[in-house]
Amino acid sequence: MDLTQGTPEEKRARSKKMMLAFGIGSLVMSFAGLISAFIVSSKQRLNKDWLSNYELPNAFLISVGIILLSSLTFILAKRAIRQSNRSMASIYLLATLGLGIAFVFSQLEGFRQIIEAGYNFTGPTSNITMSYIYLIAVVHIGHVIAGLICIIVVIYNHFKQKYNANNMLGLELAANFWHFVDLLWLVLFLFLYFFRDII
């Protein structure tokens, strides 16, 4: 399709969607780099700091359910707006925000559980395995916080009655980014959970 065709609004929408796609692509490459570093480090058998039988905190598993549920509420919010059901859209958007915040707190609880297990990010009680897990989770939390800011902007615009069935660009961009960070955490968690069994 010719990207130069269409109304100015259609061209603007395509350019914003393309920018988001490029941004998501760069994030995929960044996390692929972290995962590759994790795998390479695990192959250094002589590294006494590598912990092959690590346990992920229960809070990380709970956070998977929380963030997947937040994707569902965002989908329901979009559907409600398309159906001009503003009150239900408000409920679902606020629920998405609340679940996103709950996800961050569940991650912090996961860090607390890791520390209770005797592993810190740095220092004499740290090891390279858990330091990688800290780093991966913290970088992901940073992107979740960016997503939460987007959701707050969406909620503000929603209450200003900016969105309707014919004008949902901002909401769709925020939703696509949110679904990406949700899926990303699921992939990261499954990788960290199952990788320990194959090294």
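The values are calculated or read from the model by the stated rules, or taken from the named source; none is laboratory data. Bear in mind that the values here come from a model prediction, so they are computed numbers and not experimental data. Methodologically, a virtual Cβ is constructed for each residue, glycine included, from the backbone with ideal geometry; neighbour enumeration extends over all protein chains shown.
Only a single criterion out of (1) of a type in the set (S, T, N, Q); (2) part of a helix (DSSP H, G or I); (3) over 21 Å from the mean Cα position of the chain (by Cα); (4) within 30 Å of Lys162 (Cβ to Cβ) is not satisfied by Ser84, namely (2). Scanning region 111-158 for residues that are of a type in the set (A, V, I, L, M, F, W, C) and either in contact with a Cys (Cβ under 7 Å, 6 or more places away or on another chain) or closer than 18 Å to Ser52 by Cα (or both) yields Ile114, Ile115, Ala117, Phe121, Ile128, Met130, Ile133, Leu135, Ile136. The C-beta contact set for region 129-151 (first residue assigned to a helix (DSSP H, G or I), second residue at pLDDT 95 or above and exposed (fewer than 14 other Cβ atoms within 10 Å of the Cβ), distance under 6 angstrom, 6+ apart or interchain) is empty. When region 158-199 is filtered for residues that are in a helix (DSSP H, G or I) and in contact with a Leu (Cβ under 8 Å, 6 or more places away or on another chain), the ones remaining, listed by number, are His158, Leu173, Asn176, Phe177, Phe180, Asp182, Leu184, Leu186, Phe189, Leu192, Tyr193. Whether any residue in region 107-117 is part of a loop (DSSP other than H, G, I, E, B), in contact (Cβ under 8 Å) with a residue 24 or more places away in the chain and over 19 Å from Lys16 (Cα atoms) is what I want to check. Among the residues of region 107-117, at least one is part of a loop (DSSP other than H, G, I, E, B), in contact (Cβ under 8 Å) with a residue 24 or more places away in the chain and over 19 Å from Lys16 (Cα atoms), which makes the answer yes.
Of all the criteria given as (1) under 30 Å from Gly123 (Cβ atoms); (2) touching a Leu at 6+ places or on another chain (Cβ under 9 Å), the one not satisfied by Pro57 is (2). On the basis of being modelled with pLDDT under 95, within 17 Å of Met168 (Cβ to Cβ) and assigned to a loop (DSSP other than H, G, I, E, B), does Ser52 make the cut? The answer is no for Ser52.
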